[in-house]
Amino acid sequence: MRYSVDRHRIPADREEDTQLSEVLEAIRASEGRMYKKAGPIIRAELLQQLTARGWPGEVALSSGSDTTITSLRNRTGLCLQTGNFARVYADLLKLQHLYVGGRIDRAILVTWGADAAVELGENLANAKRVTRELKLFSNVLPTPMYLVSIEE
């Protein structure tokens, strides 16, 4: 699968870190095909690829909490948002909570590219819209973040 990477509050001259490299390797290794309603299948394959690269499963925001993110490794929070766009705001809030609380130094948010989102379904999270929201809310979202867009 193809992808692109944008940065939110991460300097352009900063080298790509190991955790981002692992996520990008997982995307490249995935063989999912884009067609209507294939999102859950592609997500499951991506999660398998991430697990194979050492990313643990879901991580709770705090002890006893049912609120989770996709994974957390080496102070990098990961959210794989392949569902409805409304859930993006919850992921941004969860990543912000972990950053302000000192549990992560940066985040990776993986979502669909705009064309892929249209191909897969209706009102799915997509990087074009997330980028707009990150700019709009940049004064309240200081979390350094890589935004990874899965293309086709």
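The values are calculated or read from the model by the stated rules, or taken from the named source; none is laboratory data. Values in this document were obtained by computation on a predicted structure and should not be read as measured data. Here Cβ is always computed from backbone atoms with ideal geometry, including for glycine, and neighbour counts include all displayed protein chains.
Would you confirm, using the coordinates I've provided, whether residue 106 is closer than 15 Å to residue 148 by Cβ and crowded, with 19+ Cβ neighbours inside 10 Å? When the stated conditions are applied, residue 106 passes them.
Restricting the stretch 87-123 to residues that are at pLDDT below 95 and among the aliphatic types (A, V, I, L, M), the residue that is farthest from residue 72 (Cα to Cα) is 118. Apart from one condition, residue 84 fits all of (1) out of contact with any strand residue (DSSP E or B) (no Cβ under 6 Å at 6 or more places or on another chain); (2) over 21 Å from residue 28 (Cβ atoms); (3) modelled with pLDDT of 95 or more; the exception is (3).
For beta carbons closer than 7 Å, sequence separation of 6+ or different chains, a first residue in the stretch 134-148 that is without any contact (Cβ under 8 Å) to a residue 24 or more places away in the chain and at negative phi and a second that is part of a strand (DSSP E or B) and surrounded by fewer than 20 Cβ atoms within 10 Å (Cβ to Cβ), there are no qualifying pairs. Counting only strands (runs of 3 or more DSSP E) that fall entirely inside the stretch 65-150 and contain at least 3 residues that are of a type in the set (A, V, I, L, M), the qualifying elements are 106-112, 145-150. Please determine whether any residue of the stretch 32-39 is at pLDDT below 95, in a helix (DSSP H, G or I) and surrounded by 12 or more Cβ atoms within 10 Å (Cβ to Cβ). The answer is yes, given that some residue of the stretch 32-39 is at pLDDT below 95, in a helix (DSSP H, G or I) and surrounded by 12 or more Cβ atoms within 10 Å (Cβ to Cβ).
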